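The values are calculated or read from the model by the stated rules, or taken from the named source; none is laboratory data. All figures in this text were calculated on a predicted structure; none of them were measured in a lab. Positions of Cβ are backbone-derived with ideal geometry, glycine not excepted, and every protein chain shown enters the neighbour counts. When the accessible area is computed, the model is the full protein with side chains, heavy atoms only, and any ligands, DNA or RNA have been set aside. Shrake-Rupley method; radii C 1.70, N 1.55, O 1.52, S 1.80 Å.
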Amino acid sequence: MPKTFILDTNVLIHDPEALFTFEGSTVVIPLTVVEELDGLKRGHDTRSRNARSVSRYLNDLRQHGKLSEGVPLEHGGRLRVEVAAHAALPPLFADHSKDNSILGTALALSQKGESVVFITKDINLRIKAEAIGLTAEDYEKEKVSPDQLYSGWRDLLVPSSQIDQFFKTKRLDPPPLKPVPGSPDGTVVKWMPNEMAILHSQEGDSQSALVRYDAKTQKMLPLLHANAKPWGLKPQNTEQKFALELLLDPKVELVSLVGVPGAGKTLLALAAALEQILTEKTYRRLLVARPVIAVGQDIGFLPGTKEDKLESWMGAIYDNLNFLMDNPDNPGTADEEEGSLFESGKIVVEAVTFMRGRSLPNQFIIIDDAQNLTPHEMKTVISRVGQGSKIVVTGDPYQIDNPYLDSASTGLANLVEKFKGQLVYGHMTFSKIERSTLAALASDLL
């Protein structure tokens, strides 16, 4: 029996193209959802833009018939805006709630004999739906479990003779890889472009080598920036060395840094940016952006100018810049140097909300706290990158503030999954905390 998928408002705000996702099935949009979209459309934030996108999609579909009667979709299904159906809910459900109005529509269609699946990103609403006998699910498209995320590097045992050969010839055939436990039989595991590895001697001696897979030559090659100290910053562990290898290579145009707080993701990205902008002159300026989540999707509720508002959200960026600018031989000059870089336009901070519609050529772009972006928002951000630019996205899938995202549905995890295998992309997963011993203990114990 064909299924009827009823979409909640938050699903369409999360991904406006969810209208076209459920192939061969009927997609139902309750009239209450249309009303909620109408109430959201007037703002300038991401939610408002997505609401307008859904409205435009629905308006285009009107060309194929009346939405209240159902119109065909390209994938073989149909879309309908449900106006009349509504079933009585248990007395404890408040009649005035829009959520409950949507549940009433879903229940009415189920009672008519349709195979209803209610799709919502609201956990409590899924619980309420199941309490009245409905099948309720999260919007699963583009979900990637962080536990199964591509790590960007490997720790392998190889014969010591291969390590000797590598140091002599500066290249090595890639060691064969074993399928991940639990993967389907016959799964081919291959090296990804710009993937890193630590090669240890399987004979038990202390020999080891840091290597990088080059997809063009299909060889393991030495790190190009093994001894780099951008802006005086010395990497504290192998993961940070691998990250700098990607950050300092202009051929790698997109880098994602994922991992625990305190691993140095943002600090490394800023140090690499300053080195390539101010010393090497590879890029024109540094643009740092973060999603603003704590006040919804915008910064309008804070007092002051846009710059004053952003300063409240960019504290971590300013702290890291101050650390990098601090000169032990000339203390007290960090604020002055940092201020001059902002005044000259060499460093610009922005909210992700305001990046839409822009083209950003010849810039080093850092998107911090990218775990709070939806896949649709991430696509919007990456598509802003212009010719000659490099973009670095950083974040921790387990530190999400967006109420409608989880560690598997964030745009950061989706980006890693979709881009692995591309020549212009590199990724590094961090597991070691370098902020302080106390920070490491807090992460483990609390």
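Figures for the structure shown
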| item | result |
| --- | --- |
| Hits in region 372-420 - residues which are among the aliphatic types (A, V, I, L, M), more than 16 Å from ASP45 (Cα to Cα) and in contact with a strand residue (DSSP E or B) (Cβ under 9 Å, 6 or more places away or on another chain) | ILE382, VAL385, ILE391, VAL392, VAL393, LEU412, ALA413, LEU415, VAL416 |
| Check on GLU195, acidic (Asp, Glu), open to solvent by less than 20 Å² (accessible area, probe 1.4 Å), under 24 Å from the mean Cα position of the chain (by Cα) and more than 17 Å from ALA271 (Cα to Cα) | yes |
| Scan of region 377-395 for residues that are polar (S, T, N, Q) and touching a helix residue (DSSP H, G or I) at 6+ places or on another chain (Cβ under 8 Å), ordered by number | THR380, THR394 |
| Pairs where the first residue, in region 150-179, is within 11 Å of SER201 (Cβ to Cβ) and the second is open to solvent by 40 Å² or more (accessible area, probe 1.4 Å) and part of a strand (DSSP E or B), C-beta under 9 Å, 6+ apart | LEU156/HIS200; LEU157/HIS200; VAL158/HIS200; ILE163/HIS200; ILE163/SER208 |
| Checking HIS200 against (1) open to solvent by 70 Å² or more (accessible area, probe 1.4 Å); (2) part of a strand (DSSP E or B); (3) of a type outside the set (S, T, N, Q), the condition it does not meet | (1) |
| Among (1) closer than 30 Å to PRO375 by Cβ; (2) modelled with pLDDT of 95 or more; (3) surrounded by 15 or more Cβ atoms within 10 Å (Cβ to Cβ), the one test that TYR150 misses | (2) |
| Of residues in region 218-252 being charged (D, E, K, R) and farther than 22 Å from GLN363 by Cα, the one least open to solvent (accessible area, probe 1.4 Å) | GLU239 |
| Number of the exception - ALA87 against (1) open to solvent by 50 Å² or more (accessible area, probe 1.4 Å); (2) more than 30 Å from the chain's Cα centre (by Cα) | (1) |
| So THR333, is it open to solvent by less than 30 Å² (accessible area, probe 1.4 Å), at pLDDT below 80 and closer than 27 Å to VAL11 by Cα | no |
| Pairs where the first residue, in region 417-435, is more than 19 Å from GLN148 (Cα to Cα) and the second is among the β-branched types (Val, Ile, Thr), C-beta under 8 Å, 6+ apart | VAL424/VAL252; ILE433/VAL260 |
| Residue within region 231-251 that is hydroxyl-bearing (Ser, Thr, Tyr) and in contact with a helix residue (DSSP H, G or I) (Cβ under 8 Å, 6 or more places away or on another chain) present | no |
| Residue check, GLU350 open to solvent by 20 Å² or more (accessible area, probe 1.4 Å) and closer than 24 Å to GLY315 by Cβ | no |
| Residue in region 359-373 that is surrounded by fewer than 23 Cβ atoms within 10 Å (Cβ to Cβ) and modelled with pLDDT under 90 present | yes |
| Residue ID - nearest to LEU373 (Cα to Cα), chosen from residues in region 1-20 that are among the β-branched types (Val, Ile, Thr) and touching a strand residue (DSSP E or B) at 6+ places or on another chain (Cβ under 8 Å) | VAL11 |
| Checklist (1) modelled with pLDDT of 95 or more; (2) touching a Phe, Trp or Tyr at 6+ places or on another chain (Cβ under 6 Å); (3) open to solvent by 10 Å² or more (accessible area, probe 1.4 Å); (4) of a type in the set (Val, Ile, Thr) applied to VAL295, failing item | (1) |
| Looking only at region 90-105, and only at residues there that are touching a residue at least 24 places away in the same chain (Cβ under 8 Å) and in contact with a Ser or Thr (Cβ under 9 Å, 6 or more places away or on another chain), the one that is farthest from LEU405 (Cα to Cα) | THR105 |
| First in region 274-289 and within 23 Å of MET355 (Cβ to Cβ) and buried (at least 20 other Cβ atoms within 10 Å of the Cβ), second anywhere and at pLDDT below 95 and of a type in the set (Gly, Ala, Ser), Cβ under 9 Å, 6 or more apart | ALA289/ALA351 |
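Residues are listed down the side, and each one gets a yes or a no for (1) free of Cβ contacts under 8 Å to residues at least 12 places away in the same chain; (2) more than 30 Å from VAL381 (Cβ to Cβ); (3) touching a strand residue (DSSP E or B) at 6+ places or on another chain (Cβ under 7 Å):
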residue: ILE198; (1), (2), (3): no, yes, yes
residue: GLY204; (1), (2), (3): yes, yes, no
residue: GLY232; (1), (2), (3): no, no, no
residue: PHE242; (1), (2), (3): no, no, yes
residue: PRO250; (1), (2), (3): no, no, yes
